[in-house]
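Taking it in order: structure first as structure tokens, then the write-up.
The values are calculated or read from the model by the stated rules, or taken from the named source; none is laboratory data. Note that this is a predicted model, so its numbers are computed, not measured. Please note: Cβ atoms are built from the backbone with ideal geometry, for glycine as well, and neighbour counts cover all protein chains shown.
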């Protein structure tokens, strides 16, 4: 078990034996259409006056049962009673669901009932949603989306929603979330399934719920005639007065810290048969992926042989150059549609469409690299936005997408997400930088790999300027960004086509004014980009009995905002985007006849435990001020127990960036 997940578990069991209170804060009738006057008239939720909304009641009832044909089926009933307390929560009135339409895996969503309750003219007024506000649209070849929105929703409304989902996905009872970004007054859940099925249960977060297990006998009339009796397991959950767990910023997935229970099928035991086990080991998961298009498309016949051949046969190109050339070949034919998937489409389909998901593009590039003679292994990733992968909890559904590991004949390797035009070899999107990814390849040992440090990232800012006697700084700021920092800068530069938008982005949070920006290498597929910014900034001046003064703030680019980490404590970890080194250097010509009267001291400080450090060096010689400021971040996760120290470190960085050099006229 990795260190980060141990820390998450420590947080999760911090209050393991916290139990539901005797009674919910708000008395209510759980029957449909039984909303009370008090629920509608309520204007604030006393235990959490900052709450934008409240789940007065949340019901989740999931039943796996045996059909007359002898198959397992699932019926899931959802019920919500939501109180809208602030304007920003009105989005809770809209529901959208994606469901499958492919044969035996098809689903049905039925019995949709939506009512809005408002207090008007001294009484409760009900608005029922009509069927014309239910929209069912095609999403893909085997998927559709169903959406609906409650009507007449305003601040103070109570929305009551219920619907049923039916399918044959008996293995997927799914998660029960007893907590979220809004407080929950009362939640009930009932899970029932035949004893022929055995599930693993993974509990996480603070245990706000209670659970009672019972059993019952069920009967089904079989299609061939006769009754079949079987035993059913029933698990009833209840949670009341559950506080919200709100995202505090700088965290990729708050959901993983919610109080929740997850069901995963472990065994099927039919009468008079040998039990069949599922997901017994990660090797079983690997074996499943070997037969999917994640692996088979990479080793299939190459559709671009004639175009890959010149690259393959070149004796002048290096390993890395060949990988880049092949990636660029594919990029000229297929554009990324900004969708992140796990399973790719057939390569021939992707080429025909000239567009595809990251999985489609990675499969196509991997196919060409395989033909070019390189060894190509898919690396399965659970994105940081989906939460930490629990390696002790084996699951077929653990992964969200994959990248490529490419290996040459000498054993040299690199990682590649071929879909990202702003990336490069070993330069991955921040949400892909996980500590546990799964490298798989048939015939090779599978392995867990660490993707948190695939490249050395550097962000360099060089300011050369001149200060006049009126305190006006004019100069040039040159930004050089490498690897993941280059990806970040390219993404910004390429997203903002208009100069005024780019100027506004650069000026945000700073005090300088941008006059022009020159971009370099931002459209290239490379590990580097550059921006040259012509700017000016007015420094504060004063004149009095002590003489004429200029109060100069030499660090004009604020890298650490004072608005971050205001809270003295934190209940969830801090996620840091990437490991990086940042260097800021300013060399400033001072006005003639002026000298440094007061200057901050050079210093070095950091957090050895977390491998974070910073230095700032001030120098003044004749009419030149020279300041170098460097920060090194070799950590991507701050545990809540270390948060106070990290907050102090951050505040020290903010202080440095606001230090003042005092100049005095001779």
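Here are the numbers:
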read-out	value
Per-region count, the range 372-383, residues assigned to a loop (DSSP other than H, G, I, E, B), within 15 Å of residue 282 (Cβ to Cβ) and in contact (Cβ under 8 Å) with a residue 60 or more places away in the chain	0
Total residues in the range 611-633, condition out of contact with any strand residue (DSSP E or B) (no Cβ under 7 Å at 6 or more places or on another chain) and surrounded by 12 or more Cβ atoms within 10 Å (Cβ to Cβ)	1
First in the range 278-299 and more than 16 Å from residue 402 (Cα to Cα) and assigned by TED's automatic domain parsing to the domain that holds residue 406, second anywhere and outside any loop (DSSP other than H, G, I, E, B) and at pLDDT 90 or above, Cβ under 6 Å, 6 or more apart	none
Exclusive hit being surrounded by 15 or more Cβ atoms within 10 Å (Cβ to Cβ) and in contact with a helix residue (DSSP H, G or I) (Cβ under 7 Å, 6 or more places away or on another chain), set 191, 134, 184, 159	159
Scan of the range 384-411 for residues that are in a loop (DSSP other than H, G, I, E, B), in contact with a helix residue (DSSP H, G or I) (Cβ under 6 Å, 6 or more places away or on another chain) and under 30 Å from residue 319 (Cα atoms), ordered by number	400, 408
Matching residues in the range 502-533 - criterion: being crowded, with 17+ Cβ neighbours inside 10 Å and farther than 28 Å from residue 338 by Cα	512, 514, 533
Residue 418 being under 30 Å from residue 626 (Cβ atoms), modelled with pLDDT of 95 or more, touching a helix residue (DSSP H, G or I) at 6+ places or on another chain (Cβ under 8 Å) and buried (at least 19 other Cβ atoms within 10 Å of the Cβ)	no
Number of positions in the range 650-666 that are under 39 Å from the mean Cα position of the chain (by Cα) and either over 22 Å from residue 384 (Cβ atoms) or not assigned by TED's automatic domain parsing to the domain that holds residue 600 (or both)	10
Subset of the range 61-74 [modelled with pLDDT under 95 and either surrounded by fewer than 17 Cβ atoms within 10 Å (Cβ to Cβ) or outside the structural domain of residue 41 (by TED's automatic domain parsing) (or both)]	67, 68, 69, 70, 71, 73
Total residues in the range 169-181, condition surrounded by fewer than 18 Cβ atoms within 10 Å (Cβ to Cβ) and under 19 Å from residue 77 (Cβ atoms)	3
Output for the range 423-442, where each listed residue is in a loop (DSSP other than H, G, I, E, B) and farther than 19 Å from residue 370 by Cα	423, 428, 429, 433, 434, 435, 436
Subset of the range 350-371 that is surrounded by 21 or more Cβ atoms within 10 Å (Cβ to Cβ) and not in a helix (DSSP H, G or I) - its residue that is nearest to the chain's Cα centre (by Cα)	357
Selected residue (criterion: nearest to residue 370 (Cα to Cα)) from residues of the range 443-453 that are out of contact with any helix residue (DSSP H, G or I) (no Cβ under 7 Å at 6 or more places or on another chain) and touching a residue at least 40 places away in the same chain (Cβ under 8 Å)	444
Out of 484, 511, sole residue that is under 22 Å from residue 599 (Cβ atoms) and in contact (Cβ under 8 Å) with a residue 24 or more places away in the chain	511
So residue 585, is it closer than 25 Å to residue 478 by Cα, buried (at least 16 other Cβ atoms within 10 Å of the Cβ) and modelled with pLDDT under 95	no
Any hit, the range 557-569, residues being buried (at least 17 other Cβ atoms within 10 Å of the Cβ) and over 24 Å from residue 507 (Cβ atoms)	no
Options 530, 553: the member that is more than 32 Å from the chain's Cα centre (by Cα), at pLDDT 95 or above and outside the structural domain of residue 328 (by TED's automatic domain parsing)	553
Test: residue in the range 456-475 that is surrounded by fewer than 15 Cβ atoms within 10 Å (Cβ to Cβ) and under 20 Å from residue 525 (Cα atoms)	yes
Selection from the range 478-501 of residues that are touching a strand residue (DSSP E or B) at 6+ places or on another chain (Cβ under 6 Å) and either surrounded by 18 or more Cβ atoms within 10 Å (Cβ to Cβ) or in a helix (DSSP H, G or I) (or both)	479, 480, 481, 482, 483, 484, 485, 486, 487, 489, 490, 493
Residue in the range 319-339 that is surrounded by fewer than 18 Cβ atoms within 10 Å (Cβ to Cβ), farther than 20 Å from residue 417 by Cβ, in the same structural domain as residue 410 (by TED's automatic domain parsing) and more than 32 Å from the chain's Cα centre (by Cα) present	no
Checking residue 426 against (1) at negative phi; (2) touching a strand residue (DSSP E or B) at 6+ places or on another chain (Cβ under 7 Å), the condition it does not meet	(1)
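Every residue, every condition in (1) modelled with pLDDT under 95; (2) over 21 Å from residue 174 (Cβ atoms); (3) outside the structural domain of residue 324 (by TED's automatic domain parsing), yes or no:
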site	(1), (2), (3)
371	no, yes, no
376	no, yes, no
383	no, no, no
390	yes, no, no
408	no, yes, no
